[in-house]
Amino acid sequence: MQVELGWNDLAALKVKILSLEKQITEARELLEAIVCTKEPDIGIVLVSHESATYWCHDTKAWVYKHARFSPLGDALIQLHEKLLED
């Protein structure tokens, strides 16, 4: 089966490919801010998984200072959202 594409189709594909390349580059940059990806420190986590908390007197409970429980959680969710962008 052969599909013929017109100039408009090719232009739309080019725009989509460029958008995906930008999205991949941005996602890679986010990942590289989370973990070392090059030797000799490959695999070292750069963003803390420790959860900063504070005591809330109103609720009488410890409350996380981060929306996703830790800087690492925040960074991973940011990466996930970048990968889901259209």
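Residues in segment 66-76 include at least one that is within 15 Å of the chain's Cα centre (by Cα) and in contact (Cβ under 8 Å) with a residue 40 or more places away in the chain. Restricting attention to segment 44-86, and to residues there that are closer than 30 Å to ILE17 by Cα and among the small types (Gly, Ala, Ser), which single residue is surrounded by the fewest Cβ atoms within 10 Å (Cβ to Cβ)? Here the answer is GLY73.
Summed over segment 28-39, the residues that are farther than 18 Å from ARG68 by Cα and outside any loop (DSSP other than H, G, I, E, B) give a count of 3. Taking each residue of segment 47-61 that is free of Cβ contacts under 8 Å to residues at least 40 places away in the same chain and of a type in the set (Gly, Ala, Ser) and looking for partners that are surrounded by fewer than 10 Cβ atoms within 10 Å (Cβ to Cβ) and not in a strand (DSSP E or B) with beta-carbon atoms closer than 9 Å, six or more apart or interchain, yields nothing. Has segment 28-41 got at least one residue that is within 20 Å of ASP86 (Cβ to Cβ), surrounded by 11 or more Cβ atoms within 10 Å (Cβ to Cβ), free of Cβ contacts under 8 Å to residues at least 12 places away in the same chain and among the hydrophobic types (A, V, I, L, M, F, W, C)? No - not one qualifying residue is present in segment 28-41. Each residue in segment 40-86 was checked for being basic (Lys, Arg), in a loop (DSSP other than H, G, I, E, B) and either closer than 21 Å to THR25 by Cα or modelled with pLDDT under 90 (or both), and 2 of them qualify.
Looking only at segment 42-71, count every residue that is under 19 Å from LEU83 (Cα atoms) and touching a Gly at 6+ places or on another chain (Cβ under 7 Å) and tell me the total. The total comes to 0. Is it the case that segment 3-21 has a residue that's modelled with pLDDT under 90, surrounded by 10 or more Cβ atoms within 10 Å (Cβ to Cβ), aromatic (Phe, Trp, Tyr) and more than 10 Å from the chain's Cα centre (by Cα)? Checked segment 3-21: no residue is modelled with pLDDT under 90, surrounded by 10 or more Cβ atoms within 10 Å (Cβ to Cβ), aromatic (Phe, Trp, Tyr) and more than 10 Å from the chain's Cα centre (by Cα).
The values are calculated or read from the model by the stated rules, or taken from the named source; none is laboratory data. Values in this document were obtained by computation on a predicted structure and should not be read as measured data. As a convention, Cβ positions derive from the backbone with ideal geometry for all residues, glycine included, and neighbour counts pool all protein chains shown.
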